[in-house]
Amino acid sequence: MRKLIAIFAVVILVMAMSAGATTVNYTVSGWANQYPASITPPASAPWGVNGYPGDTLEMVTYTGTLDLTPGTYNLKINTLNWTIDYTYGGTATNPDDWSDVFHNITAIRSISFDGGPSGSLSQTALLENQWENDFLTVYEGAASSFNVGGFQVNVTPLGLDQFGGTNFDGSNPWVQPQTDIMARFDVVPEPATIMLFGLGVTTLISRRKRS
């Protein structure tokens, strides 16, 4: 009987919260870095010692709106800007002894909700500089939890499967098409709220039985 009451309480609570749903703004900060190779090109390299600046990655600050209604939502958190430029893959003495270059990346950004609850989001990525093209993979990040307006909001940054550069018009650097970085927002009532609501329903039912 108590289990049925608890389930009944949760159902009523979700319905009540859905009926009176509000929205909240969230802001995810930006991040940027440039990735030259670790080896300095020799003067004999085709583009010279300073001619291999490497790719630049940027995640642009974004502000969006979240419905505080129990459910799961895939929402944008950043815009990814990727600029491809020459990255040196030779040795310190031989520019023709070429190897692919790999960069392991960690992108940490802050997130806040209407200036209230705040924390951080983290994702890793892999940038591969090959002879013919560069490739980028963004991995799914770990979930971060926030208490927002009586709800627990779990935010999980979503990844991007490996993709390569597509725009090489004109001379370097080559600006690639922008890509949205998304996250999964899981909105659930806080456990304490469920317990208090369930206690209230149980008390109400007990009083009705006595009358």
Ranking of F102, F151, F135 by count of other Cβ atoms within 10 Å, fewest first: F102, F135, F151
message: For a test of the definition: using alpha carbon positions, the gyration tensor, and the 1.5 limit on a/c, classify region 47-112 as rounded, prolate or oblate.
response: prolate
task: When a/c is below 1.5 the answer is rounded, else prolate if a/b is larger than b/c, else oblate, so apply that to region 25-188 with a ≥ b ≥ c taken from the square roots of the Cα gyration tensor eigenvalues.
output: prolate
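All of the numbers you see were taken from the coordinates with simple rules; none came from a lab. Just so we're clear, the structure is a prediction, and the values are computed from it rather than from any experiment. Here Cβ is always computed from backbone atoms with ideal geometry, including for glycine, and neighbour counts include all displayed protein chains.
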